[in-house]
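Engineer: Let me give you the structure first, and then I'll get to my questions.
All of the numbers you see were taken from the coordinates with simple rules; none came from a lab. Note that the structure is a prediction, hence the values are computed from the model and not measured. Every residue, glycine as well, gets a Cβ built from its backbone with ideal geometry; the counts of neighbours run over all protein chains shown.
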Amino acid sequence: MFVRILLLLVITILLIVKTKKNIHILQQNLYNENNRYFRWYMNHESNFFTVELLLLVLVAIVDSFLSTKEGLAFVGNVILLILYIFYILSYYKKIKQEPVKKPLVITARVKRLLFTTIILYAIPLILFVIYHREVMVYSFLVFVYAMLCYFNGFILLIANFINKHTVEKFVYYYYHHKAVSKLKNMSNLKVIGITGSYGKTSSKNILADILNVKYVTLASPKNLNTPYGLMITVNNYLDKFNDIFIAEMGAYRPGEIKQLCDFVKPKYGILTRIGTAHLETFGSQKNIQKTKFELIESLPLDGVGILNKDDPNQTSYELKNTCKILWIGIEQVDVDVHASDICCTNQGTKFTVTFKGDKKKYPFETKLLGDHNVYNILAAIALGRELGISISQLQQAVKGVKPIEHRLELKRLGNFYQIDDAYNSNPVGAKKALEVLAMMPGLKIVVTPGMIELGAKENELNEKFGEQIAECSKADYVILIGEKQTKPIQKGLMNKHYDMDRVIVYNNVVDAYTFIRGMTGKEDVYALFENDLPDTYNEK
């Protein structure tokens, strides 16, 4: 009996370890939003359906057939116990060696998910307690828990599905009602919505810094751009002293921006660049374009929308709203707010702004890098003027805009400069980042794992990205993270005859830091870190 109890305890320990690991993956895949976790699970079956774990299941099956003979059952249990102990030690050692960029966050939702999962795990145990005198039932219990370890990822999917359609709905409605009531009681609050395929968070942070010169402004923190994220922002951060609330709005499917607009009811809207981000879940470029314009089409008639005239996906759209529209641009001159004479160095960016109906030119400067940040600043200037901020105040505010974390953020790390563009790389932003790197005085290195969530075009766009690295970046070295996922980039580099002896492939970004720190010479080293994929994309 002691060996049986010990065996069940060891299997339970393995189940706990695997559950924690898989909940971490589920959390990084947004709790299977748009089937992200399921797709990842099916594409990485080697992480779950291992030969070793399958062997344990087979041994458990054999053990159940031997259970009628007490002597053989004891031997079978001992063998199974030893095998499980060895497997747990090797599995635990393996996950400990894996690099973890973002650890599991034990949120209230994770606790609710764990509770439901434990209930599912407990069902076989309850049946065993009822029929504990039957040796055959015990052997079957061992087999069941061996199967639970093997199919642990699917059990979590079931628990997540149960929660999503029961307790999570009640939690959502409770906090949604609380947030709506709070917004209704703040009738003087000005709400600004920001959406687009790229640059939402940068635009939001820049706008908040600029509007703070005159108003008490709250921007939704970090990337809290979903219904849950905005509810958290309204309920936990918004207070009676705020004049303006800036809501970043993200989406994976048509209708999701409209849902957010119905919730916070923005009077002002900024549309950043529209591109191919999340093409895999949207299904088509047309769906992306239509979804992003849900923000502008949700504005009231006395609202104001800020659009980019250099973006063909915005100029080609037939807008179904007669609210006031302000156009910004760099390439297009016939706009309401125009930037020219852009000069970018490793110290920041200087440019000139002109306003429609005003012949005077106004100089601006910022610590931010790249002309894509100039677009974000132009949108903030356009809306700032609309909200009564003077040009001199805008100039001062733009000068004080803080660099945005992980978005072309220039920082000194030991003996080299890092251009940190690690957050959510996309085809447009990646090319702009390469152009910024090309302007740096010194040895240039590109570090990237490539781009994801681009649907059927992913390989094509990553191949093009490789070509752009060879043509635009003036890179002396290219460090690719992940041998399999960066093959299209390597092909693009070869297409443009880049020296492949200067291409280094690692499966861990930590190795890239080691390589760069090992470079010594008279020249400064500038390393562009373009994108940083979550742990679920680690290659072993």
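Engineer: I'd like the antiparallel share, as a percent to the nearest 5, of DSSP beta bridges with both residues in the chain.
Structural biologist: Restricted to the chain, the bridges split so that about 30 percent are antiparallel.
Engineer: I'd like the FRET efficiency for N212 and T315, computed as 1/(1 + (r/R0)^6) with the beta carbon distance as r and R0 of 30 Å, rounded to 0.05.
Structural biologist: Efficiency at R0 = 30 Å is approximately 0.45.
Engineer: Also, I was wondering about something else. Note down the net charge around E331, summing +1 for each Lys or Arg and -1 for each Asp or Glu among other residues with Cβ under 14 Å from its Cβ.
Structural biologist: -2
Engineer: Output the 0 to 90 degree angle, nearest 10, between the alpha-carbon long axis of helix 135-150 and the longest principal axis computed from the alpha carbons of the chain.
Structural biologist: 20 degrees
Engineer: Let me ask another. With just the Cα atoms defining each centre, how far is the range 463-532 from the range 286-342? Give it in Å.
Structural biologist: If we compute the Cα centre of each part, the gap is 36 Å.
Engineer: Give me the one-decimal Kirkwood hydrodynamic radius in Å for the chain, with the sum taken over alpha-carbon pairs.
Structural biologist: 26.2 Å
Engineer: Hey, another quick one. Determine the dipole magnitude for the chain: charges of +1 sit on the beta-carbon of Lys and Arg, -1 on that of Asp and Glu, nothing else is charged, the reference point is the Cα centre, and the result goes in debye to the nearest 20.
Structural biologist: For the chain, the charge dipole is close to 1300 debye.
Engineer: Out of residues 5 or more away from V191 or on other chains, whose amide H comes under 5 Å of its own, with H placed 1.01 Å from N in the peptide plane?
Structural biologist: F245, K267, Y268
Engineer: Give me the net charge for the shell around T345: Cβ to Cβ below 14 angstrom, other residues only, Lys and Arg +1, Asp and Glu -1.
Structural biologist: Taking every Cβ under 14 Å from that of T345, the sum is -3.
Engineer: Give me the net charge of I445's neighbourhood, meaning all other residues with Cβ under 10 Å from the Cβ of I445; Lys, Arg count +1, Asp, Glu -1.
Structural biologist: Neighbour charge sum, excluding I445 itself: +1.
Engineer: Please name whichever of C323, G196, S284 sits farthest to the positive end of the charge dipole of the chain, dipole taken about the Cα centre and charges placed at Cβ: Lys and Arg +1, Asp and Glu -1.
Structural biologist: Most positive-ward Cα: C323.
Engineer: For the range 85-127, list residues with backbone N below 20 Å from a point placed 7 Å from the Cα of V171 toward its Cβ?
Structural biologist: Within reach of a label on V171: 103-122.
Engineer: I need E365, E98 ordered by Cβ neighbour count within 10 Å, fewest first.
Structural biologist: Ordered from fewest to most neighbouring Cβ atoms within 10 Å, E365, E98 come out as E98, E365.
Engineer: Grab the beta carbon distance between T520 and H406, set R0 = 25 Å, and tell me the FRET efficiency rounded to 0.05.
Structural biologist: Plugging the Cβ-Cβ distance into 1/(1 + (r/R0)^6) gives 0.40.
Engineer: Quick one: 3J(HN,Hα) in Hz for the range 365-380, Karplus 6.51/-1.76/1.60 with θ = phi - 60°, rounded, Gly and Pro as x.
Structural biologist: 9, 8, 7, 6, 9, x, 6, 5, 6, 5, 4, 4, 5, 4, 4, 5
Engineer: Order by neighbour count: C472, C343, fewest other Cβ atoms within 10 Å first, most last.
Structural biologist: Listed from fewest to most nearby Cβ atoms, that is C343, C472.
Engineer: Restricting to DSSP H runs of at least four residues, report the calculated mean residue ellipticity at 222 nm for the chain, -39500 (n - 2.57) per run over all residues, nearest 500 deg cm²/dmol.
Structural biologist: Taken over the chain, the calculation gives -16000 deg cm²/dmol.
Engineer: Using alpha-carbon positions, what is the distance between the centroids of the range 185-207 and the range 398-456, in Å?
Structural biologist: 23 Å
Engineer: OK, next. With charges set only on the Cβ (+1 for Lys and Arg, -1 for Asp and Glu), what does the dipole of the range 334-469 come to about its Cα centre, in debye to the nearest 20?
Structural biologist: Approximately 600 debye in magnitude.
Engineer: Below 13 Å, Cα to Cα, which aspartates and glutamates can K320 reach? Residues fewer than 8 away in the same chain don't count.
Structural biologist: Straight-line reach from K320, under 13 Å: E294, E297.
Engineer: So what is the relative contact order of the chain, in percent, for Cα pairs below 8 Å that sit 6 or more residues apart?
Structural biologist: Result for the chain is 11 percent.
Engineer: Now for a separate question. Given labels modelled 7 Å from the Cα in the Cβ direction, how far is it in nm from T322 to D511?
Structural biologist: Taking the two extended label points, one gets 6.3 nm.
Engineer: Provide the FRET efficiency to the nearest 0.05 for the H497-N415 pair, computing r from the beta carbons and using R0 = 35 Å.
Structural biologist: Given R0 = 35 Å and the Cβ-Cβ separation, E is 0.70.
Engineer: Give the relative contact order (percent, whole number) for the range 417-540; include only Cα pairs under 8 Å separated by 6+ residues.
Structural biologist: 41 percent.
Engineer: Report the residues of the range 484-513 in range of a label on N43: point 7 Å along Cα→C-beta, backbone N strictly under 16 Å from it.
Structural biologist: 484-489
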